[in-house]
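Q: My structure is below; once you've seen it, I'll send some questions.
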Amino acid sequence: MSIGHTVVLLPGMHDPNTATTALKTALAKVADLAQVLTPEITVSRTKPVILEDPAQRVLGALSAAGIQRAVLIGHGWGSMVGLEVAATRDERVTALMLSTNARLERIVLRSLYYGILSLLPATVVQQLGVRPPEVLDLLDQVRPVDFRSLAERVPAPALVVVGEQDVANRGPSATLAESLPLGNLRVVPRAGGEWRTQQPDVVAKLLAEFLSSLS
């Protein structure tokens, strides 16, 4: 199947490089992509977290490659960066494929203090003096309190993917899809919390099907 799009991979904060490499390989098997870009979107863990910084790096990578528009594939922190790009520079985004990154152990084991902070937007938490690593952890989860204001401003078609057995992310994923004006939710049968890493071929197939549906 020929797609001919440029794809930008935007991983989560703790996604291993091997997972990104495996996804690039899987994409090459199912789609004739123009190219796959992997811009650096990590940020300092000692300075205030500013989402616009990695978004600018994504735009810079597109310009350096001579690409006007691209498809953004985001997971966790990468989804937040993708939303920032799509909400503020929609003319550079053809479509998005996003996934949230809540962890069940975070929900069960968090302290009362952290539980209260987790209800607040990451920008507010940062203003309260919480350390950058903890702010990044909140953004990496892709929580409704953080993504709603961005998602509602994204005009591009978007596919939100989640595993059927991924209990922690079923709710946030559904909310994200509903918040996006052209969002759709795709539930992957029998898939658990680590399905994106374990099944890169499935991610690639879902992307190919999604982009074909847009043409």
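We did not get these values from a lab; they are worked out from the coordinates using the rules stated. It should be emphasised that the depicted structure is a prediction, and the values quoted were computed from it without experimental measurement. Don't worry about glycine lacking a Cβ; one is built from the backbone with ideal geometry, like all the others, and counts go over all protein chains shown.
Q: Expressed in nm to one decimal, what extension gain is obtained for the pair ASP90 and ILE116 from 0.36 nm per residue of sequence separation less their Cα-Cα distance?
A: Fully extending the segment from ASP90 to ILE116 adds 6.0 nm.
Q: Same structure, new question: Suppose R0 equals 41 Å; then what is the FRET efficiency for GLU134 and THR25 from their Cβ-Cβ distance, rounded to the nearest 0.05?
A: FRET efficiency, GLU134 to THR25: 0.75.
Q: Using packing as a proxy for protection, rank 86-93, 33-40, 204-211 so that the peptide with the highest average count of other Cβ atoms within 10 Å comes first.
A: Those peptides, ordered most packed to least, come out 204-211, 86-93, 33-40.
Q: Mind checking which aspartates and glutamates have their C-alpha under 16 Å from LYS205, skipping anything on the same chain fewer than 8 residues away?
A: ASP32
Q: A further question follows. Most mobile of VAL161, VAL130, VAL30 per a Gaussian network model of the chain (Cα springs, under 10 Å)?
A: Ranking VAL161, VAL130, VAL30 by mean-square fluctuation puts VAL130 first.
Q: Quick one, which of (1) 129; (2) 165; (3) 110 is the actual volume of the Cα convex hull per residue in Å³ calculated for this model?
A: (3)
Q: Taking neighbour counts of Cβ atoms within 10 Å as a proxy for exposure, in what order, fewest first, do TRP195, TRP77 appear?
A: Taking fewest neighbouring Cβ atoms as first place, the list is TRP195, TRP77.
Q: Cut-off is 10 Å between beta-carbons; in what order do ILE116, ILE73 appear when sorted fewest neighbours first?
A: Going from least to most buried by this count: ILE116, ILE73.
Q: Related question: What translational D, rounded to a whole number of µm²/s, comes out for segment 109-215 from Stokes-Einstein when the hydrodynamic radius is the Kirkwood one over Cα pairs, at 25 °C and 0.890 mPa s?
A: It diffuses with D of about 160 µm²/s by this estimate.
Q: Given the options HIS5, LEU96, GLY163, identify the residue whose Cα lies farthest towards the positive end of the charge dipole of the chain (+1 on Cβ of Lys, Arg; -1 on Cβ of Asp, Glu).
A: Farthest towards the positive end: GLY163.
Q: Here's a follow-up. What residue among ASN184, ASN17, ASN169 has the largest mean-square fluctuation in a Gaussian network model of the chain, using Cα springs under 10 Å?
A: Top of the fluctuation ranking is ASN17.
Q: For VAL160, what residues show an amide H to amide H distance below 5 Å, using hydrogens built from the backbone and excluding near sequence neighbours?
A: Amide H neighbours of VAL160, under 5 Å, 5+ apart: LEU98, ASN184, LEU185, ARG186.
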